[in-house]
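This report concerns only the one structure given below.
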Amino acid sequence: MAWLADSFRLVGGFLFWNARKTLYRLRGARGRCPCQHPSDSGRAWETGCHAITHWSEPARFRRICPLLLKNPEGLWRCSVDKADVRPFWGRAFAFYGGGLATLYLLGTLAAFTALRTTGYQVTYPGVFWPPAWSKFTEVKSEFFYAQFQRAYAAQDIREAMLDLALAYDLDPRNYDAGFRLAQLYQAGQPALSDRIYHHLLVDHPEKSEQTSQAFFRALLARGDLQAVQALARNRILASPNFSPAWLNAFLFANQRTGDTAALAALAKETLAEELPADVRTVLTLAAALRTASPEDSRQLLISGAGHGASGYTFYFICRQLIAHGFPQVALGILDQADNGLSIRDRASIRLDALAAQGWATTLEKETDLLLAPPPTAAVVELLCTHLIRWPDAALFEKLSIRLKQSPLPRNEESYAAYLAFFCAAGVAKDEFRLTWTVARLQEISGATFASLEPAGSFLLGRQKTGHLGNYLPALQPLPLEITYALLCRYTRTPPPVPGRPE
């Protein structure tokens, strides 16, 4: 253990002996030399070293003072005269600096190893370099986000929510954590969910479309149509290349808020923002239809369809013709070429127009054509949307039998389609099919959802209290068309709120 004792002496000796020698030199090398034996002559090679008195191995002291050497007789003596004794601060700084560097290196290696073993995705430069330590909160946030993913996959929802909240609290710039947290808070804590969505829109403008779409679905499911209207308006004005779905969302919400002033204001704003002409056409038509007579509405819509209408403008005109009692006109316009409608939109409008016109035989033939091949998720969603808008026991029976004969594959797309069928069964007041669908949903998800029972009771008409917005957040991911159809069926459209006079 002698070397250990000498090592401790070395640590303190650099500072102690160099400090004493420095004071000695400041006194002009007069008086007693701090490190030489006072009884010796003070001359070189004749004077012993007082500093090594308690050292087990005097040679180790030479790291502090290289002036200590062995004379020809093998005795340790000071190699300079008393007047030439001096400190060696360079050695001291090199020793302490090297020691600290070694300790720092070992400490950072230990910290790096411990963090990586724990699961923190750190890099050694990030641990070694102090300016990089400020990024450690991001690393911790990513660590807890990974913990959340594992807990969520294991269906440990409580632990998953705690980890996710920690991930976002540590680093509000962690978009993935904030986005998932807002989604999971939608059902239980909607106010907190809305607050997070607002922060994401401000902090991550490059992902505003993704954030807005999720936020919109959350607001729509709760039936917060004022907020839907405001969000859709902002998206329309934010980008000249906005999706027509935002215009549809604004008009849907505005129709149910009855806010004609907001509709007129957006029409003016789109003109100032120089947005496409078809956007202004739709908004102008929507405003005019609020106060127009049935015949005037018909003429306005036919005229709008005759001015090169395409895409969403065409979709809006056909839907309004059906809503205002002119489904046969909508069918005639639908047969025009180059209207820009997708196959799915054309089929949806056609089914609704046939039902509104009362052409049951033609509607049945159209349905049979759709169900001739094994049904896909898209076909199930299309037919369920129609059956929610226009309930038909015979058509629902056809769809039910066909779906039982050829069940959908067990995947995420099918889960949404079965949710659509769940809602259609509820509207049809078919409890047996409702229960059957719950079993299919549980097979796909591998979990039991207690929230489906109260939603089913509401759709069957057993819940006399509450409104649709209490149940829709639990029915996710519900296709957007189904949500619109359910809101049309279960929410009352208020009379228009007149705008302020100019």
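Scoring Ala272 on the criteria (1) of a type in the set (A, V, I, L, M, F, W, C); (2) buried (at least 16 other Cβ atoms within 10 Å of the Cβ); (3) at pLDDT below 85 leaves a single failure, condition (2).
Does Tyr124 satisfy the criteria of being surrounded by 15 or more Cβ atoms within 10 Å (Cβ to Cβ) and not assigned by TED's automatic domain parsing to the domain that holds Gly446? Can you show your working first?
On the way: surrounded by 15 or more Cβ atoms within 10 Å (Cβ to Cβ): no; not assigned by TED's automatic domain parsing to the domain that holds Gly446: yes.
Against the criterion (surrounded by 15 or more Cβ atoms within 10 Å (Cβ to Cβ) and not assigned by TED's automatic domain parsing to the domain that holds Gly446), Tyr124 does not qualify.
Surrounded by 11 or more Cβ atoms within 10 Å (Cβ to Cβ), assigned to a helix (DSSP H, G or I) and modelled with pLDDT of 80 or more - does that describe any residue in the range 66-77? No, the range 66-77 has no match at all. Looking at Asp169, Asp176, Asp278, just one residue is modelled with pLDDT under 90, among the acidic types (Asp, Glu), under 30 Å from Phe136 (Cβ atoms) and part of a helix (DSSP H, G or I), and that residue is Asp169.
In the range 32-60, of all residues being of a type in the set (D, E, K, R), touching an Asp or Glu at 6+ places or on another chain (Cβ under 9 Å) and assigned to a loop (DSSP other than H, G, I, E, B), the one that is surrounded by the fewest Cβ atoms within 10 Å (Cβ to Cβ) corresponds to Glu57.
Could you tell me whether Ala29 is hydrophobic (A, V, I, L, M, F, W, C) and assigned to a helix (DSSP H, G or I)? Here the answer is no, as Ala29 does not meet what is asked. Scanning the range 116-129 for residues that are out of contact with any helix residue (DSSP H, G or I) (no Cβ under 7 Å at 6 or more places or on another chain) and either within 23 Å of Asp169 (Cα to Cα) or modelled with pLDDT under 75 (or both) yields a total of 4. Looking across the range 282-297, the residues that are surrounded by fewer than 18 Cβ atoms within 10 Å (Cβ to Cβ) and of a type in the set (S, T, N, Q) come down to Thr284, Thr291, Ser293. Residues in the range 65-80 that are within 16 Å of Thr22 (Cα to Cα) and of a type in the set (D, E, K, R): there are none. The sole residue among Asp345, Asp335, Asp368 that is of a type outside the set (Lys, Arg), within 37 Å of the chain's Cα centre (by Cα) and modelled with pLDDT under 95 is Asp345.
Scanning the range 433-485 for residues that are surrounded by 13 or more Cβ atoms within 10 Å (Cβ to Cβ), at pLDDT below 80 and over 30 Å from Arg256 (Cα atoms) yields a single hit, Phe449.
Scan the range 357-403 for residues that are touching a residue at least 12 places away in the same chain (Cβ under 8 Å), part of a loop (DSSP other than H, G, I, E, B) and either surrounded by 14 or more Cβ atoms within 10 Å (Cβ to Cβ) or of a type in the set (A, V, I, L, M, F, W, C) (or both) and the total you get is 5. For Arg150, the test of being surrounded by fewer than 17 Cβ atoms within 10 Å (Cβ to Cβ) and of a type in the set (Lys, Arg) is passed.
The combined condition, being surrounded by fewer than 22 Cβ atoms within 10 Å (Cβ to Cβ), free of Cβ contacts under 8 Å to residues at least 12 places away in the same chain and not β-branched (Val, Ile, Thr), is fulfilled by Ser303.
Residue-wise test of (1) assigned to a helix (DSSP H, G or I); (2) within 30 Å of Leu419 (Cα to Cα); (3) among the aliphatic types (A, V, I, L, M).
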site: Leu184; (1), (2), (3): yes, yes, yes
site: Ser193; (1), (2), (3): yes, yes, no
site: Glu206; (1), (2), (3): yes, no, no
site: Arg235; (1), (2), (3): yes, yes, no
site: Leu266; (1), (2), (3): yes, no, yes
site: Leu285; (1), (2), (3): yes, no, yes
site: Gln299; (1), (2), (3): yes, no, no
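Scan the range 288-308 and give yes if some residue there is among the hydroxyl-bearing types (Ser, Thr, Tyr), under 21 Å from Ala232 (Cβ atoms) and out of contact with any Gly (no Cβ under 7 Å at 6 or more places or on another chain), otherwise no. Checking the range 288-308: not a single residue is among the hydroxyl-bearing types (Ser, Thr, Tyr), under 21 Å from Ala232 (Cβ atoms) and out of contact with any Gly (no Cβ under 7 Å at 6 or more places or on another chain). Please count how many residues of the range 185-206 are free of Cβ contacts under 8 Å to residues at least 24 places away in the same chain and either buried (at least 20 other Cβ atoms within 10 Å of the Cβ) or of a type in the set (A, V, I, L, M) (or both). Residues flagged as free of Cβ contacts under 8 Å to residues at least 24 places away in the same chain and either buried (at least 20 other Cβ atoms within 10 Å of the Cβ) or of a type in the set (A, V, I, L, M) (or both) within the range 185-206 amount to 6.
The values are calculated or read from the model by the stated rules, or taken from the named source; none is laboratory data. Quick caveat, the model's predicted, so the values are computed rather than measured. All Cβ positions, even for glycine, are placed from backbone atoms using ideal geometry, and neighbour counts span all protein chains on display.
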